[in-house]
Structure formats: structure tokens, C-alpha cells
Amino acid sequence: MTELLVQNNKLAIGIGLGVILILAIAAAPKLIGLSLRDNTVDTLFSLIPPETRQQLAITETSFEDGWYSSSAEFQVDFTPFALDETLSGSLAFEFSHGPVILTPKGMEFGLVHATITPRFASKEITKALTQVPFELPEVTFELFAGFDQSLLLELTIAPVTITEPAASVSFEGLTGTLLANPDMSAEIQMMMGGLRATESESGMGFELASMQLASSSEQMNNLFAPSDLLLSIPSISSQSPLQFSVEGVEAQSRVRPGIDAQRQIDVYQRFNINNISSDIPIRSLSWTTEVNELQTALVSAYYDLIANFQQQMAAGSGAMPSEEDALELALLLAQNGLVFNNQVAANIYDGDNQADIRIRWLGLPQLQSMEEIEISEVIAALEVEVNVSLDLEAIMRSPAAEMVDPYVQQGYVSIDNGRLLLDVSLANSELTINGEVTPLDQFL
């Protein structure tokens, strides 16, 4: 009897646990749906940095939650710079609740999966879309939220080929992903296939081989967080009206903390073209820019100024940024130090040429008003170094050839080992050109 009672108790416990498990599995989609706003939608929109968010207005227009699925729609208004009309549209979400989700890719486990349908309401966009003389490629947005609160946003633009008597277009499609982790770190990947377009009557032709973008940020909703971006294009070519071909196009950018990590950032940007074939005499180009010790308060003030201007334009006032706001931004720039470096290397007229420009602004921390600024103080707080090295034979093949001898005679440039050199520096209120020092105090 005792053994039978024990077995019955075990059976009852097992049945009870099974019922609880079944109820938990059945209730899980509803519980996930109830927390959908906080755990998924709000997290998605919180990825937008505050500085960029000033140009956006996102309003929830509907939200219907069910047991296994939900739907929501958001009105999105974007006010771009220099446009007198706000671009409006909506995002419609269709959610499938987890933990077990059937997606177009198969069965997955997570909190929620959503398909996102964008709709445009602005006159400019709708007019442009209606004037396209062919069917646009299929565009799909998908959102997946994992159990760890990570978000994966996927964009797919299907390939399309249009062949008409007057023109033809071939687009090999685009895929992009945004992975946002719970700590707001994020990675962006985008791959676009080839794009070719030709017009029969004019002979115009354009081809972009492909394009790839990779970006990462330690905190996506923080404009000043460490981040990296690399954009690469193998080749671009055009047949008409301007015939050219470029290869090895790369654009790189990164943000790092400055010396004062709490208040400063260092920004690095590089643009490079390995090979250029065209009627212009440039065969390659590399341009690197560094902005160091940049005050985050200055960047925020700039975005505030632009946002206010955009709001005034959208309201139809036509007003320009106020003089007071502009002076406040200028004062902030004048008070704080800044390092601005540029390095340019280019093959022009079959010669390699380089220019290195380094500027350090020491700042005027005691300055209280732009009306108090003195030119002597500005010069004293400015350090500049310019080094230019040009291929002499290449310059003699250029339209600037006739300027070489007069500039050499006047001491503005010098010649050394087949190179045309210019060295200029400004420090301690003294201007030095190719070794010749000129105190600037005498002119002030």
C-alpha cells in the first residue's frame, strides 16, 4: 500500500509538473507579447543617437497584441538639412511571439520575430517612386530578438533586371544586417552586388562592380563611443557623358577617446582610390584627415544648431540660425584646443606628390565673448606646419610649369633631388618659409 501511495504521489507530481510546463509553454507567447514594447520596440528605437534623434519624430499610431502574434505601426517624420518639407512615412510591424518561432528561414528559438513594412507619405518620395518606369525590386525587413535581448535587423533587396528598348538596368541585390547586443554594442554588415545601367540613345553607361560596408560601435546610441567603419568598392566605371574608371575605392573612419576621455574624441578618416583612368591627369589619390582632442560639447552644440535650423525650415519660417547661436558655437570652438591634420598623396601628371598639413589650435580658455577676440591672440594660439613635396618633372608637364622659376627665385619653394619643396610653419607668432623666419608681431 505504501509503495502504491508513493508511486501515485510521483505520478501526481509528474502530471502536475507536466501541466505546469504545458501551461508555461502556452503562456510564454502571451507573456512575451505583453513585454514587446519595452523589450523589443523601445530597444530598437533607442539605438538612434540623441544627436540624430533630434531630426526624427517617432510616434506610435497603433499597437494590437495577441497571444501568438502582435502588430504595431509607427509614424516616422524626418527633417533633413536644407529641405523645406519634412519627409514622412510609417513602419508597420507584424510580430510572431516566441519562444518557438516559424520564420521564412525555418524554425528558430527567441523572443520575437517581425517583418517590417515601410510606407512613404511625403510628396517628394511618392512622386519619385511613381515616376520610376519599371517595377521596383522586392524589399524585406526582418527583426529577430534573442533570449539575451539582442536584436538582429536584416534588410534584403532582391536582384532585378530590367531590359527596355531605351534603357537597361541590372542590379544584383543587397543584403544588410544590424546586430545590436544587450550592452548597446553593435555591428553592421552590408553587401551590395553589381549595378549596371545603360541608355541606348545617349550611350550613357554606368557600372559599379559591388560595394561592401562593415561598421562596429561599442555603444551605438552614443555618437562619441569608439567605432569603426570601412566602405570598399572594387571598381566604378562610366562610358558617357564622362568616361572614367576607378579601382580600389575605400573610405575608412574611426572614433576613439581623446586625451581627456570624458570630454574629447579623436576622429580619423581616410579616402583612397588606387587607380584612376580618365581624361584628368590624376592617377591615384589618398587623403587622410585626423581631428584630435575634439570637444564632445562642441559636436553636441553643432547638432543642436543644425536641429534648430531644420525645425525652423520645416515650420516654414525660412529663418537662418540666429547670430547668438552661431556666436555661441564659435566661442566654444575658440575657447577649446583642437588638432587638425591632413595628409594628401596623389599621382598627378605621372608623378608622386605629397602634402602634409598639421594645425594645432591651443585655444583661448579665458575668452568670454567673440567681441573680445584679438588677432594677436589668435596667431599666438595657432601652430601650423605645412610640408609639400612635388615631383618636379610632373609639375613641369602641368599648367603650373611657368610658375616654378618665379617661385624658386622668390624663395617660396626650393628644389632638391628632383623634388619641388615647400616648408611653412607658424609657431610663437613667427612665420617660417623654407627656413626664413618672419616675426608677425611687427604687422599687428
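Rule-based calculations on the coordinates, nothing more; no lab input. All values reported here derive from a predicted model rather than from experimental measurement. As a convention, Cβ positions derive from the backbone with ideal geometry for all residues, glycine included, and neighbour counts pool all protein chains shown.
From the C-alpha coordinates alone, can you work out the Kirkwood hydrodynamic radius of the range 368-417, in Å? Write down the numbers at each step before the final one.
Working: mean 1/r = 0.0704 Å⁻¹.
With all distinct Cα pairs of the range 368-417 included, I get 14.2 Å.
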> Looking at the range 290-444 from every direction and averaging, what is the projected area of its Cα convex hull in nm²?
Replying inline: 12.9
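Before anything else, pin down the relative contact order of the range 141-278: Cα pairs under 8 Å, at least 6 apart, normalised by residue count, whole percent.
Values: 355 pairs, mean separation 20.2, N = 138.
It comes to 15 percent, rounded to a whole number.
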> Using mean Cβ contacts within 10 Å as the protection proxy, how do 190-196, 216-222 order, highest first?
Replying inline: 216-222, 190-196
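Cut-off is 10 Å between beta-carbons; in what order do V384, V378 appear when sorted fewest neighbours first? Write out the running numbers ahead of the final one.
Working: V384 16, V378 12.
Starting with the residue having the fewest Cβ neighbours, the order is V378, V384.
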